[in-house]
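This report concerns only the one structure given below.
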Amino acid sequence: MNIWVYAQQADGKLTSATTELLTKARSLGGTVTAFLGGDASSVAGELGEFGAAKVYATGDLGGKLPGAAVSAAMKAVIDGGDSPSLIMLPQSYEGRDVMSRLSVKLDRTVLTNNIDVAVDGEAVKVTTPIFGGNTLVTTTFTGAGPFLAAFRPKSFAAEAAGGGAAEVIAAPVPDLGATGGATVNAVHVEETSGPKLDEAAVVVSGGRGLGEQAKFEMIETLAKLLKGAPGASRAIVDAGWVPYSYQVGQTGKVVKPGVYIAAGISGATQHMVGMKGSKNIIAINKDKEAPIFAIADLGIVGDVHKVLPKVIEAIQNR
Amino acid sequence: MIVCVKQIPDPALPGSLDSSTKTLKREGKLILDESDSYGVEMALQLVDKAGGGEVSLISMAPNGEVSGLRQALAMGAAKGVLVSDPALLGSDALTTAKVLAAASKKLGDADLIIAATESSDGYTGTVPEQMAEILGLPSVTFAKAVTIDGQTLKAERQTEAGYDEITCPLPALISVTAGVVEPRYPSFKGIMAAKSKPVETVTAADLGVTPVGWAGANQDIIDIAEAPAREAGEIIEDDGEAYVKVIEFLEQLKVI
């Protein structure tokens with residue numbers, strides 16, 4: 001089976017979602033080819049290490065958004081005769097745009113939000129959690145390939161295979177016409193200091209139960225004391241209390257830390273799918289019926305404004 | 001302007017699958033997906049700022065359901081097209097995008113089509129960008145701050161690390177994140193007016209989109225299973241000393 005992985009890089013390195021997908025693709029047997037929007041020179045070595053024998057690279061996108069540009073480049077390669085059976089993409093902003101446009105160009109369905117994939121001969125089946133992860137649905141593609149599947153970050157463990165650098169093959173972006181009209185003029189980074197939210201060993205998240213924006217400081221303080229990262233529910237991101245980069249959940253980051261502390265978070269499906277893979281979960285919420293308690297290892301039914309300051313003080317006094 | 005709105009079962013109620021059709025149960029009253037209220041509000045504001053224009057709605061729902069559409073009409077949208085057709089049951093996101101793209105054409109050429117980034121029930125998250133490709137439009141997904149200057153749209157687009165500043169010529173399609181604007185509450189007058197605003201109901205065949213439903217979905221659901229549940233932990237009521245439990249737990253995990 002010929003498998004493509006849509007590869008993404010940041011700061012000259014592959015994103016963790018990319019190395020996870022390359023590792024999984026390798027385990028399915030057959031050949032693994034990476035497809036990169038941008039210049040592959042700094043990541044060809046890493047792509048090879050994770051099992052991609054070659055990489056199609058569009059070259060610099062010149063400020064074009066990847067959705068239209070990379071999907072058009074992929075379609076050109078497929079029309080040129082190299083058609084994969086399966087294309088795996090990370091469930092990232094760029095991955096979503098690329099697969100959406102590609103699905104129209106190929107007139108193929110795309111299955112998103114998957115956490116697993118299995119191959120049996122030419123058949124491909126994927127597993128998707130629904131209802132906040134309570135139910136797992138397994139779906140098989142029908143009809144002809146290429147099959148398009150997107151996977152949530154952290155669905156697979158990344159492991160290098162130790163291959164030589166991937167062969168870089170140019171896959172230029174064809175003329176996009178009107179679809180290429182959107183242009184990036186400036187890039188803003190909102191990351192905070194301390195460990196990254198999706199890599200931290202400890203995550204302390206706050207939700208609407210904090211009551212007001214100023215109280216998020218408690219979350220920041222506790223996260224810092226535990227050498228962790230602060231996170232947030234969608235409700236308080238939507239309310240503008242903290243930047244979007246703090247959001248844990250379906251549309252935010254997927255986290256799997258050793259310890260997750262949810263303070264004033266009731267546990268909407270949106271949030272739970274982003275954190276229920278955490279090894280240990282501590283929940284503090286005044287509503288004892290809150291869904292978050294169903295997955296908490298330690299649940300405190302109480303007021304975050306009373307419990308959190310005491311926890312912070314006790315740690316500071318150690 | 002055209003806004004895509006989805007009418008969904010109340011997300012506060014537990015969802016379930018129909019075991020025979022393998023689709024989400026959509027019995028009873030559907031409501032406007034809250035995620036779409038941001039797009040409706042943004043369209044209304046952009047039309048206001050432009051000093052003219054109209055906001056139309058497109059939606060796809062079973063059983064001729066219009067209650068969610070009426071909510072958006074009550075906010076101030078002028079009219080709607082509803083695609084309702086038993087044949088659409090089981091349609092995948094690509095078919096949905098084809099149907100909505102065809103429905104938008106029925107309303108004529110819009111300067112801007114607005115959708116949410118993903119629905120709150122199915123959250124496939126591909127329909128807006130698929131519509132843009134079908135209609136041959138440029139697109140900005142995950143847009144937050146959006147302004148229009150003549151025939152150019154400016155938007156801040158969410159990224160993994162922060163946001164990008166984007167410019168895009170009109171006509172275009174954008175998907176907007178929740179919280180980007182504060183959706184207005186419909187006034188009593190708005191609710192009354194919404195009852196007589198035109199909503200045209202059409203079928204997939206009327207729009208010339210085939211095949212639809214499971215037949216066009218290119219997928220088969222082969223298994224539905226309960227996920228392994230996390231073991232229930234210890235739940236205690238705070239008596240003023242519950243913080244000690246938290247400290248002990250963190251010590252036990254060697255975090256402190």
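All of the numbers you see were taken from the coordinates with simple rules; none came from a lab. Since we're looking at a predicted model, the values are computed, not measured. FYI the Cβ positions are ideal-geometry reconstructions off the backbone, even for glycines, and counts take in every protein chain you see.
Overview of values
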quantity: Those aspartates and glutamates that a straight Cα-Cα span of less than 16 Å connects to A:K279, excepting residues fewer than 8 apart in one chain; calculated: A:D198, A:E199, A:D297, B:E231, B:E234, B:E251
quantity: Residue-averaged 222 nm ellipticity for chain A, from DSSP H runs of 4+ at -39500 (n - 2.57), nearest 500; calculated: -7500 deg cm²/dmol
quantity: Exposure proxy ranking, count of Cβ atoms within 10 Å, fewest first, for A:R208, B:R157; calculated: A:R208, B:R157
quantity: Gaussian network model of chain A, springs between alpha carbon atoms under 10 Å - residue of A:A68, A:A165, A:A294 with greatest fluctuation; calculated: A:A294
quantity: Residue-count net charge about B:G108 - beta-carbon cut-off 12 Å; Lys, Arg +1, Asp, Glu -1; calculated: 0
quantity: Where labels lie 7 Å past Cα in the beta-carbon direction, separation of A:I312 and A:A214 in nm; calculated: 1.2 nm
quantity: Local net charge near A:S100, Cβ-Cβ under 14 Å (Lys/Arg +1, Asp/Glu -1); calculated: -1
quantity: Per-pair calculated FRET efficiency, R0 = 30 Å: A:D116 and B:L253 via Cβ, rounded to 0.05; calculated: 0.60
quantity: Computed E for A:A144/B:M192 - FRET, C-beta separation, R0 41 angstrom, nearest 0.05; calculated: 0.20
quantity: About the Cα centre, charge dipole magnitude for the protein assembly as shown (Lys/Arg +1, Asp/Glu -1 at Cβ), debye; calculated: 460 debye
quantity: Among B:I221, B:I174, B:I191, residue whose mean-square fluctuation peaks in a GNM of chain B (springs only between Cα atoms under 10 Å); calculated: B:I221
quantity: Cβ-based exposure ranking for A:D82, A:D60, A:D120, B:D85, in which fewest neighbours within 10 Å come first; calculated: A:D120, A:D60, A:D82, B:D85
quantity: For segment A:114-128, 3J(HN,Hα) per residue [Karplus equation, 6.51 cos²θ - 1.76 cosθ + 1.60, θ = phi - 60°, Hz, x = Gly/Pro]; calculated: 7, 10, 7, 8, 9, 10, 10, x, 9, 7, 10, 10, 10, 10, 10
quantity: Per-residue [θ]222 nm for chain B (sum of -39500 (n - 2.57) over DSSP H runs n ≥ 4, rounded to 500); calculated: -8000 deg cm²/dmol
quantity: Spacing of the two label points (7 Å from each Cα toward its C-beta) at A:L176 and B:K106, in nm; calculated: 3.1 nm
quantity: Summed residue charge, Cβ within 11 Å of A:A76's Cβ, Lys/Arg positive, Asp/Glu negative; calculated: -1
quantity: Label-point gap, in nm, between B:E182 and A:T31 - each point 7 angstrom along Cα→Cβ; calculated: 5.8 nm
quantity: Candidates B:Q45, B:Q130, B:Q151, ranked by Gaussian network fluctuation over chain B, Cα under 10 Å, top entry; calculated: B:Q151
quantity: Hits among aspartates and glutamates - C-alpha to C-alpha of B:K98 under 15 Å, sequence gap 8 or more where chains match; calculated: A:D107, B:D85, B:E129, B:E133, B:D206
quantity: Neighbour-count order for A:V184, B:V209, fewest beta carbons within 10 angstrom listed first; calculated: A:V184, B:V209
quantity: FRET efficiency estimate (nearest 0.05) - Cβ-Cβ, A:K75 to B:L17, R0 56 angstrom; calculated: 0.95
quantity: Part-to-part distance (alpha-carbon centres) for segment B:153-228 and segment B:73-109, which is given in Å; calculated: 9 Å
